[in-house]
Amino acid sequence: MATIKYNSVSTAGELGLAARSKPVAELSDVTMRYGAALALDHFSIALYPGEVVGLLGPNGAGKSTAVNLFLGLRSPQSGKASLFGRDPRVASSRGRIGAMLQVGGVPAEMKVIEHLELFRSYYVSPMPLAELVRFADLAQLLDRRFGRLSGGEKQRALFALALAGDPDVLFLDEPTVGMDITTRRSLWAVVRALSARGKTVFLTTHYLEEADALTTRIVIINKGRIVREGTPDQIKRLSATRLVRCKTALSIDALRSMPGVLSAAVDSTDGRMALETIEPEELLRDLLLQDRTLCDFEVVTRSLEEAFISLTAPVA
Amino acid sequence: MSDATSAIDYPLYEGVSTTIMLAKETMHEFVKLLRRRQFAIATKLMPVTLYAVFGASNHATGQHGVQMARYMLAGYASFGVIAASLYGIGLNLAMERAQNWIDLKRSSPLPFSAYLLAKAITATAFGALTVLLLQLVAVTYGHVYLTGQEAIEMIGVSLAGSVVFGAMGILIALVVPSNATHSVFNFIHLPMAFLSGLWVPLGSLPHWVQVTAPYLPAYHLAQIMLGILGYAQPGSMGFHWLYLGVFGGVLLFLSRIALRVTNK
């Protein structure tokens, strides 16, 4: 199958974003090579205000490289990175952004409040401390030294550091790793609240449920290239097949011989027949015509996980 | 009907003044190192107690009328300055690099130069503090006669020494793999101190040590300190300053290259 080149700008155009505003952050035709490995291959992506963009991909796909380029931590070997139209490697360009990165440790001797105050001092109009504490649920932890925090508490504190400047664009690199489910849901709620305020969020994650729940646009990357892009629903619908589940009197052989049926099996959970097909509507018409006793049918969209796996599977 | 999110222009963002950011960052670094037990031991406790035991308590007078307690003050002061810089800038930076904390700082509006400078200023301050503590021990416990001028000059030299060994610390932090930095710093610091005659006067050390010592920057720092106290080996002070200047310059130059490479 030929690789379709998805250009972030055109997809964003379909979503009506480009017409309304300029991108707040952009990677233009960026290529990054580490030795023989190609981390990003003529990669382009634009982030628009109010979006929550999720970058999904297998390990080594180039996600962290993309984040590093946005933040000015690495220089593009070719192509360009920009934040609000400026070079992210210049310190003053980063005055309206915040980042949560995967860090192995934080200076353990300093208290949470001291870290928060220091990061807030980098910005002209930082987030009010009370709001920051509330967003990251740190009220009980302010006076505690960072070395004394549990894993989940550390993640919350790091999230607060990302929010400290009341950023217009938030970069989150695998933000909920190590969080319990309550903390994860709280973070999601904060991200949604920020997005509602018109802030932009760029998030990398390998939790597909998180991408599904949180993002307004998903970009799937593999081997440095964009493989698919769209809203979570579009992604789920674009890929592969749907599943038709039903109770039918037709035999499994008869079902298998029907046009459009890719596979047929008995679903062990409820005894219904599960039929895999690309065109569920056609199949349903055929089934309803041939079997007047057909009932309990549903058409199931593939989960994002299945879509993701089929999109990023290594080519045989 | 215009949408609320019509074309965003990019107003020039006026950031927080770099000086203010540097000041706050430096305060933060200072408190951090003050609380870091290992740092306190390596840079204050160790030089001061070793000097108190081996130096200040030594009321003997050596060859040529050298007052031992006063002589050894120079060596231990150099030792303290080097420790403060190697661990205060070098190991500090290496740890934050290993943890990727450095990337979080680099993604913030804090200029990277301010990040490094805050560490350098803090380490320099701790170096000067160590020299001051040693001087106090010398004057009180060691009954060493030290003029105000000599004391101030020693502190001044400690500031210059911090630049050279700070650059060394930065270079090692950037070039050596993270898990090896602690060993490398120890390996450089302690043997170099010994081989430069910081603890035991060179005259009492084997011939090969006396010959190799002048190649070590710690030797030159110690000679300058000794010069203030009137105990330097014969030779011009200018030569020692030149050596340190060139050595420091080369290290700073290499550090700049290392920074550029690691930030790719």
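The values are calculated or read from the model by the stated rules, or taken from the named source; none is laboratory data. Keep in mind it's a predicted model, so treat the numbers as computed, not measured. Cβ placement follows ideal geometry from the backbone for every residue including glycine, while neighbour counts extend to all protein chains displayed.
Quick notes on this one:
- Only one entry of A:Ala39, A:Ala130, A:Ala61, A:Ala99 meets the criterion of being within 24 Å of the chain's Cα centre (by Cα), at pLDDT 95 or above and among the small types (Gly, Ala, Ser), and that entry is A:Ala99.
- Selection within the range A:15-30 - at pLDDT 80 or above and of a type in the set (A, V, I, L, M): A:Val24, A:Ala25, A:Leu27, A:Val30
- Condition met for A:Leu69 (more than 20 Å from the chain's Cα centre (by Cα) and either modelled with pLDDT of 95 or more or under 30 Å from B:Glu14 (Cβ atoms) (or both)): no
- The range B:57-136 holds helices (runs of 4 or more DSSP H) entirely within its bounds, and those carrying 2 or more residues that are more than 18 Å from B:Ile172 (Cα to Cα), modelled with pLDDT of 95 or more and within 14 Å of chain A (Cβ to nearest Cβ) map to B:101-106.
- Inter-residue pairs, beta-carbon under 6 Å, first in the same structural domain as A:Cys246 (by TED's automatic domain parsing) and within 17 Å of A:Thr241 (Cβ to Cβ) and in the range A:273-293, second among the small types (Gly, Ala, Ser) and part of a loop (DSSP other than H, G, I, E, B), 6+ apart: A:Thr277/A:Gly260; A:Glu279/A:Gly260; A:Glu282/A:Gly260; A:Leu283/A:Gly260
- The range B:160-183, residues that are part of a helix (DSSP H, G or I), of a type in the set (A, V, I, L, M) and in contact with a helix residue (DSSP H, G or I) (Cβ under 6 Å, 6 or more places away or on another chain): B:Val163, B:Val164, B:Ala167, B:Met168, B:Ile170, B:Leu171, B:Ile172, B:Ala173, B:Leu174, B:Val175
- Here the range A:97-126 is the region considered, the condition is being under 24 Å from A:Thr176 (Cβ atoms) and in a helix (DSSP H, G or I), and the residue that is nearest to the other protein chains (Cβ to nearest Cβ) is A:Phe119.
- A:Ser92 being within 10 Å of chain B (Cβ to nearest Cβ), of a type in the set (S, T, N, Q) and touching a Phe, Trp or Tyr at 6+ places or on another chain (Cβ under 7 Å): yes
Matching residues to (1) within 14 Å of chain A (Cβ to nearest Cβ); (2) surrounded by 15 or more Cβ atoms within 10 Å (Cβ to Cβ); (3) assigned to a helix (DSSP H, G or I):
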{"residue": "B:Trp199", "(1), (2), (3)": "no, yes, no"}
{"residue": "B:Trp208", "(1), (2), (3)": "no, no, yes"}
{"residue": "B:Leu221", "(1), (2), (3)": "no, yes, yes"}
{"residue": "B:Phe239", "(1), (2), (3)": "no, no, yes"}
{"residue": "B:Phe247", "(1), (2), (3)": "no, yes, yes"}
{"residue": "B:Leu251", "(1), (2), (3)": "no, yes, yes"}
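- Count of the range A:177-233 residues which are farther than 19 Å from A:Glu153 by Cα and outside any loop (DSSP other than H, G, I, E, B): 31
- Among the residues of the range B:140-147, some residue qualifies, meaning at least one is surrounded by fewer than 17 Cβ atoms within 10 Å (Cβ to Cβ) and without any contact (Cβ under 8 Å) to a residue 12 or more places away in the chain.
- Test result for B:Leu45, in a helix (DSSP H, G or I) and within 14 Å of another protein chain (Cβ to nearest Cβ): no
- Meets criteria (assigned by TED's automatic domain parsing to the domain that holds A:Lys22, more than 22 Å from A:Asn68 (Cα to Cα) and not small (Gly, Ala, Ser)) for A:Arg225: no
- A:Leu138 vs. criteria touching a helix residue (DSSP H, G or I) at 6+ places or on another chain (Cβ under 9 Å), more than 9 Å from chain B (Cβ to nearest Cβ) and surrounded by 19 or more Cβ atoms within 10 Å (Cβ to Cβ): yes
- Residues being within 17 Å of A:Leu101 (Cβ to Cβ), hydroxyl-bearing (Ser, Thr, Tyr) and in contact with a Leu (Cβ under 8 Å, 6 or more places away or on another chain) - total across the range A:34-65: 1
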